[in-house]
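K.L.:
Sharing a structure with you now.
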Amino acid sequence: MQTKINYQLMLDRELESIKSSGRVPRLLLHSCCAPCSSYTLEYLSEYFEITVFYYNPNICPAEEFHRRAAEQQRLISLLPVKHPVSLIVADYDPREFYDAVKGLEDIPEGGERCFACYRLRLEKAAALAAEQGYEYFTTTLSISPHKNAQKLNEIASELSGIYKVKALPADLKKRGGYKRSIELSHTYGLYRQDYCGCIFSQREAARRYKIRPLDKTEYPLLDDFLYEAIFIPEGVEVPPRDIILRPELQVYVEDFGTRRGDYALAAEIQGKVVGAVWVRIMEDYGHIDDDTPSFAISLYPEYRGRGIGTALMKAMLMLLRREGYPCASLAVQKANYAVRMYRKVGFETVSENEEEYIMLCRLG
Ligand code: SF4
């Protein structure tokens, strides 16, 4: 059996020798995101002048890449550090990632696909460090409990030999590094993604959601989901948030949980409620009669298109069937892409006006 190397101990020795030399070497730090770099910067900026290298062609979609880059920039501008920290954001070209992992797409997270992804990003960092005369390079990736620190350090050490620049050994999750990164993320209100980065990890994360009853203490979230449920046709300006205070929208959420027929389910990913479906018997646009619950459903935008909405709808229909309701209704704008999904789970159009369908699902 191969013995594991303690890379934190190796880092301790390296930092000790840097400290006793009185020098402040330049370090090129590959970073995957602001949360992972938070503790890393707090820790290593004591010893180095750091340039954060945000090179992540693995991230999908492009909006996610730019969102993480913006958070990286914001963190650097806020975090108190001993020695200067600067940032290089590399161009986004996802083809570099897809070429690097060709043939490995279906391998689960943590396997060979990830090793190829580590190598791609570390190699770019090593090459740039060599070209621009940095003394060291390393990555934030080892802070994650999901990343293989042995493999990361092995790859970095191999690249160090090729590019003739020192690889700073690291296993940043040790000494509470991961926990501290979560604390710092809270302190600075950092965006923390729920998937590693690539489309394959995004799909894996989407499969990990769970559907459960929305707890009473979470009912205030329905205001958020009500706002997200408002259909905004293309080219139409996004309404202000206080639109939900209008009486015709308040019927969906006001005093929720106090009436017969109030039921709500949540979709949760890694402890975060990312979507909700709720029903109540109310005088809304989809009102059929005083015994038929009407549906409302929404997900935060980044969780749409993953099948979570369909699962929420099916779970609520099952709940209503169990509770003995003969049917359920909803109103939907004709241009809303959700119409197809409603049909798929059993709703049919029973009436319509210029803009909307009124749909009914028979539960018997
Ligand atoms: S899961 Fe993460 S490390 Fe693995 S290939 Fe995808 S982005 Fe890279």
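K.L.:
From Ala149, Ala127, Ala100, which residue is without any contact (Cβ under 8 Å) to a residue 24 or more places away in the chain and of a type in the set (A, V, I, L, M)?
P.N.:
Residue meeting the stated conditions: Ala100.
K.L.:
Then there's this: Could you tell me which numbered condition Gly324 fails, if it satisfies all but one of (1) at positive phi; (2) surrounded by 12 or more Cβ atoms within 10 Å (Cβ to Cβ); (3) not β-branched (Val, Ile, Thr)?
P.N.:
That leaves (2) as the condition not met.
K.L.:
How about the range 70-109: which of its residues are in a loop (DSSP other than H, G, I, E, B), away from the ligand (no atom under 16 Å from the Cβ) and in contact with a Ser or Thr (Cβ under 8 Å, 6 or more places away or on another chain)?
P.N.:
Result: Leu79, Val81, Lys82, His83.
K.L.:
I'd like to verify a number: residues in the range 328-358 that are surrounded by 19 or more Cβ atoms within 10 Å (Cβ to Cβ) and in contact with a Lys or Arg (Cβ under 8 Å, 6 or more places away or on another chain), how many?
P.N.:
2
K.L.:
So, one more: Among the candidates Tyr7, Tyr92, single out the residue that is surrounded by fewer than 17 Cβ atoms within 10 Å (Cβ to Cβ), aromatic (Phe, Trp, Tyr), over 22 Å from Thr187 (Cβ atoms) and touching a residue at least 24 places away in the same chain (Cβ under 8 Å).
P.N.:
Exactly one of Tyr7, Tyr92 is surrounded by fewer than 17 Cβ atoms within 10 Å (Cβ to Cβ), aromatic (Phe, Trp, Tyr), over 22 Å from Thr187 (Cβ atoms) and touching a residue at least 24 places away in the same chain (Cβ under 8 Å), namely Tyr92.
Let's see how each residue does on (1) touching a Lys or Arg at 6+ places or on another chain (Cβ under 7 Å); (2) at pLDDT 90 or above; (3) farther than 22 Å from Thr292 by Cα; (4) not assigned by TED's automatic domain parsing to the domain that holds Glu63:
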| position | (1), (2), (3), (4) |
| --- | --- |
| Arg241 | no, yes, yes, yes |
| Asp255 | no, yes, no, yes |
| Ala267 | no, yes, yes, yes |
| Gly271 | no, no, yes, yes |
| Gly275 | no, yes, yes, yes |
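K.L.:
Give me the pairs, please: first residue somewhere in the range 200-222 and touching a residue at least 40 places away in the same chain (Cβ under 8 Å), second residue anywhere and acidic (Asp, Glu) and surrounded by fewer than 12 Cβ atoms within 10 Å (Cβ to Cβ), beta-carbon distance under 8 Å, and either six or more positions apart or on two chains.
P.N.:
Phe200/Glu105; Phe200/Asp106
K.L.:
So which helices (runs of 4 or more DSSP H) stay within the range 121-236 end to end and still have 3 or more residues that are away from the ligand (no atom under 16 Å from the Cβ)?
P.N.:
Ranges flagged: 149-163, 177-187, 221-229.
K.L.:
Could you tell me which residue of the range 110-120 is farthest from Thr138 (Cα to Cα), considering only residues that are in a helix (DSSP H, G or I) and near the ligand (Cβ under 8 Å from one of its atoms)?
P.N.:
Arg113
One line per residue, one yes/no per condition, for (1) assigned to a helix (DSSP H, G or I); (2) outside the structural domain of Thr139 (by TED's automatic domain parsing); (3) at pLDDT below 95:
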site: Gln2; (1), (2), (3): no, yes, yes
site: Glu14; (1), (2), (3): yes, no, no
site: Val24; (1), (2), (3): no, no, no
site: Cys36; (1), (2), (3): yes, no, no
site: Glu46; (1), (2), (3): no, no, no
site: Glu64; (1), (2), (3): yes, no, yes
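K.L.:
For the range 200-228, enumerate the residues that are of a type in the set (A, V, I, L, M) and at pLDDT below 95. So that I can check it myself, show each step before the final result.
P.N.:
Our first condition is that a residue be of a type in the set (A, V, I, L, M); within the range 200-228, this holds for 205-206, 211, 214, 221-222, 226.
Correct list: Ala205, Ala206.
K.L.:
A follow-up question, please. Which one of Glu218, Glu237 is surrounded by 11 or more Cβ atoms within 10 Å (Cβ to Cβ) and among the acidic types (Asp, Glu)? Give the steps one after another, and end with the answer.
P.N.:
Values: Glu237 fails: surrounded by 11 or more Cβ atoms within 10 Å (Cβ to Cβ).
Only one candidate passes the filter, namely Glu218.
K.L.:
Filter the range 95-113 down to the residues that are more than 21 Å from the chain's Cα centre (by Cα) and exposed (fewer than 11 other Cβ atoms within 10 Å of the Cβ), then identify the one that is nearest to Gln72 (Cα to Cα). Quick ask: steps written out before the conclusion?
P.N.:
Taking the range 95-113 as the starting set, the residues that turn out to be more than 21 Å from the chain's Cα centre (by Cα) are 95-96, 99-104, 112.
Among the residues that remain, those that are also exposed (fewer than 11 other Cβ atoms within 10 Å of the Cβ) are: 95, 102-103.
Details: Arg95: 23, Lys102: 28, Gly103: 31 Å.
Once the filter is applied, the top-ranked residue is Arg95.
K.L.:
Can you tell which of Glu183, Glu154 is farther than 17 Å from Leu9 by Cα, of a type in the set (Asp, Glu) and in the same structural domain as Thr51 (by TED's automatic domain parsing)?
P.N.:
Going through Glu183, Glu154 in turn, just one is farther than 17 Å from Leu9 by Cα, of a type in the set (Asp, Glu) and in the same structural domain as Thr51 (by TED's automatic domain parsing): Glu183.
K.L.:
When you scan the range 120-127, do you find a residue that is surrounded by 19 or more Cβ atoms within 10 Å (Cβ to Cβ), touching a Ser or Thr at 6+ places or on another chain (Cβ under 8 Å) and charged (D, E, K, R), even just one?
P.N.:
yes
K.L.:
Considering (1) over 23 Å from Val236 (Cα atoms); (2) outside any strand (DSSP E or B), say which one Glu302 fails and leave the rest.
P.N.:
Every listed condition holds for Glu302 apart from (1).
K.L.:
Checking the structure you have, find out if any residue of the range 289-296 is among the aliphatic types (A, V, I, L, M), modelled with pLDDT of 95 or more and either over 16 Å from Lys210 (Cα atoms) or crowded, with 20+ Cβ neighbours inside 10 Å (or both).
P.N.:
yes
K.L.:
Check Leu330, Leu319, Leu312 and return the single one that is touching a residue at least 40 places away in the same chain (Cβ under 8 Å), touching a Gly at 6+ places or on another chain (Cβ under 8 Å), in the same structural domain as Val253 (by TED's automatic domain parsing) and not in a strand (DSSP E or B).
P.N.:
So the residue among Leu330, Leu319, Leu312 that is touching a residue at least 40 places away in the same chain (Cβ under 8 Å), touching a Gly at 6+ places or on another chain (Cβ under 8 Å), in the same structural domain as Val253 (by TED's automatic domain parsing) and not in a strand (DSSP E or B) is Leu312.
The values are calculated or read from the model by the stated rules, or taken from the named source; none is laboratory data. Computed from a prediction, not measured in an experiment: that's the story for all the values here. No Cβ is skipped: glycine too gets one built from the backbone with ideal geometry, and neighbour counts run over all protein chains shown.
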